[in-house]
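The values are calculated or read from the model by the stated rules, or taken from the named source; none is laboratory data. These numbers come from a predicted model, not from an experiment. Neighbour counts run over all protein chains shown; Cβ positions are idealised from the backbone, glycine included. Please note that ligands, DNA and RNA were not included when accessible areas were found on the heavy atoms of the full protein model with its side chains. Shrake-Rupley method; radii C 1.70, N 1.55, O 1.52, S 1.80 Å.
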Amino acid sequence: MRALLNKEMRLAASILSYLFLGFALMALIPGYPILCGVFFITLGLFQSFQNAREANDIVYSALLPIAKRDVVKGKFLFCMFIELTGFFVMAVLTLLRMTVLSGNAVYRENALMNANPFFLGAALLLFGMFNLIFVAGFFRTAYKFARPFVSYIVVCFVLIGLAEALHHVPGLEALNAFGFEHAALQLSLLAGGAAAYVLLTWLGYRLACARFDKIDL
Amino acid sequence: MNIVELRGVCKSYPAFRLREVSFALESGKITGFIGRNGAGKTTTIKSMLNLIHTDGGEIRYFGLPLQGHEAEIKQRVGYSTGTVSWYPRKTIRQIAAITAAFYPDWDEEAFRKYLSLFGLDESKKPIELSEGMKVKFNLLLALSHRAEVLILDEPTSGLDPFSRDELLELFQTLKEHGVTILFSTHITSDLERCADNIVYISKGEIRANCSRADFMQNYGKEGETLEEIFLRLEREARA
């Protein structure tokens, strides 16, 4: 598993996957749809798939002394590594906004989503969607990625729009909690996002393995 | 003893069919796999490496079916896929270091020896290599993990006559060390130089599978060279 991840990180990955982790800092931008940071992190991951295709990485990996499904596992491990690193940075910044920056006017007077556990849960949901729609979609052919990426973009921006707007719906104001307000609700939404991430990633992995097993390289 | 066995391997594409391919590789022997372009050599080799799904048949290595034992079999098999360029913008040093981690039996000494023998500079990237040097780089990886079987797809294509000679010489040395080699080619002089056995494929069907001496005796006419035999057989197959 370590050798697989190492191969992904050092041979197959695009430098942009690492650089685009910087978009996690968007969680600090006031008056900005901060969930877009998740999209940019996944855009960085997309560059690695493009890089891997140009470098014949899939065939090279399939020729290594590993089972065919391990080729899929390598890609999922790398995606999860980048996603969870991005998530960790966003979580630290969210904590900062929930504590020392919670009274800051630029964050209080914000029509868009606040950085809180609900935001983190939504971020995990989006990462899970990337794994299910794009990564599993890529393994349908192991070389075509336009259709799965466009499908992911559509779903991603619909979900971002929804998440950013939901707290304006009467009765759902608690979604935009500041500091540690509505802690039980907020933490359960984060837990829901984490569960969705695990489920979507697991489904994506199973689907990708089944699809990759059927194709000829 | 047969170390690799193919039995009734079939694969259909819209414009091509591999029909009931069966042959075996004898331990410690060099087998030349010959056929014209498009005859089915690469499809057969891809089946042997589990890169494509066969429609039927069975492939066994060391008595084990490839399906279900892929990882352990590939530990003991080396392969080279001609001039394909892996990770064109990474250095040979980087690619080899990552690849080595997958092989507990990686032989750094052999890697250094073949690096020097092939005249490869490990700070170079595949994109900077000529086609012949790419073949050598692929062979370098195949030879550096103490493989018991080498499956080489057109290893001599693109090589200059000196490098080809060195490579065929190397095949003989590896054979003496007990390595079993299958190499595909369309260059008959390669077979004359080193093949113990010949597998001849035409239009997706195995037409001959025997020792080189038997092939000359059974398929050749008096005074014919190996090249003349293949040319005649191909002409007859097309007629």
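Angle of helix A:183-214 to the longest C-alpha principal axis of chain A, folded into 0 to 90 degrees and rounded to 10: 10°.
How big is the A-B contact in terms of buried accessible area, both chains counted, 1.4 Å probe, rounded to the nearest 100 Å²? Adding both sides of the contact gives about 2400 Å². The residue B:224 and residue B:91 beta-carbon pair, evaluated with R₀ = 60 Å, returns a calculated FRET efficiency of approximately 0.80. Counted by Cβ distance under 14 Å from residue A:107, the other residues give a net charge of 0, where Lys and Arg count +1 and Asp and Glu count -1. Across the cross-link table entries A:73/B:11; B:46/B:113; A:75/B:124; B:90/B:136; A:7/B:113; A:68/A:214, which are compared at the Cα atoms, the separations over 18 Å belong to A:73/B:11; B:46/B:113; A:75/B:124; A:7/B:113.
Calculated FRET efficiency, residue B:162 and residue A:32, Cβ-Cβ r, R0 56 Å, to nearest 0.05? If you can, show how the numbers build up before the last one.
Working: r = 64 Å, r/R0 = 1.14.
After rounding to 0.05, the efficiency reads 0.30.
The distance separating the Cα centre of segment B:67-113 from that of segment B:163-239 comes to 27 Å. Excluding ligands, DNA and RNA, the accessible surface per residue across segment A:2-214 is 42 Å² with a 1.4 Å probe.
Going from the isolated chain to the complete set of protein chains, segment B:84-107 loses at least 40 Å² of heavy-atom accessible area (1.4 Å probe) at B:86, B:87, B:90, B:98, B:102. Taking trypsin sites (Lys or Arg not before Pro) across segment B:154-230, the ones in a DSSP loop with at most 16 further Cβ atoms lying within 10 angstrom of their Cβ are B:221. Residues of segment A:195-217 buried by at least 30 Å² of accessible area upon assembly of all protein chains, compared with the chain on its own (1.4 Å probe): A:216, A:217. With the helix formula -39500 (n - 2.57) applied to DSSP H stretches of n ≥ 4, chain B reaches a computed 222 nm mean residue ellipticity of -11000 deg cm²/dmol. The simple spin-label model puts a point 7 Å past each Cα toward its Cβ; for residue A:144 and residue B:192 those points are separated by 4.8 nm. Report the FRET efficiency, 1/(1 + (r/R0)^6), for residue A:95 and residue B:112, where r is their Cβ-Cβ distance and R0 is 51 Å, rounded to 0.05. E(calc), rounded to 0.05, equals 0.50. Rolling a 1.4 Å probe over the protein heavy atoms leaves residue A:182 with an accessible area of roughly 100 Å². In terms of its C-alpha gyration tensor, the protein assembly as shown comes out prolate, because a/c is 1.5 or above and the ratio a/b outweighs b/c.
Among A:52, A:195, A:184, which one shows the biggest mean-square fluctuation in a GNM of chain A, springs joining Cα atoms closer than 10 Å? Among A:52, A:195, A:184, the largest GNM mean-square fluctuation belongs to A:184.
Between rounded, prolate and oblate, where does segment B:1-45 land on the alpha carbon gyration tensor, with a ≥ b ≥ c its root eigenvalues, rounded for a/c under 1.5, else prolate if a/b exceeds b/c? Oblate, because a/c is 1.5 or more while a/b does not exceed b/c.
Quick one: with all protein chains in place, what share of the accessible area of the protein assembly as shown is carbon or sulfur, to the nearest percent (1.4 Å probe)?
For the protein assembly as shown, the apolar C and S fraction of the accessible surface comes to 59 percent.
Quick check: net charge around residue B:212, other residues with Cβ under 9 Å of its Cβ, Lys/Arg +1 and Asp/Glu -1? Summing Lys/Arg as +1 and Asp/Glu as -1 gives -3.
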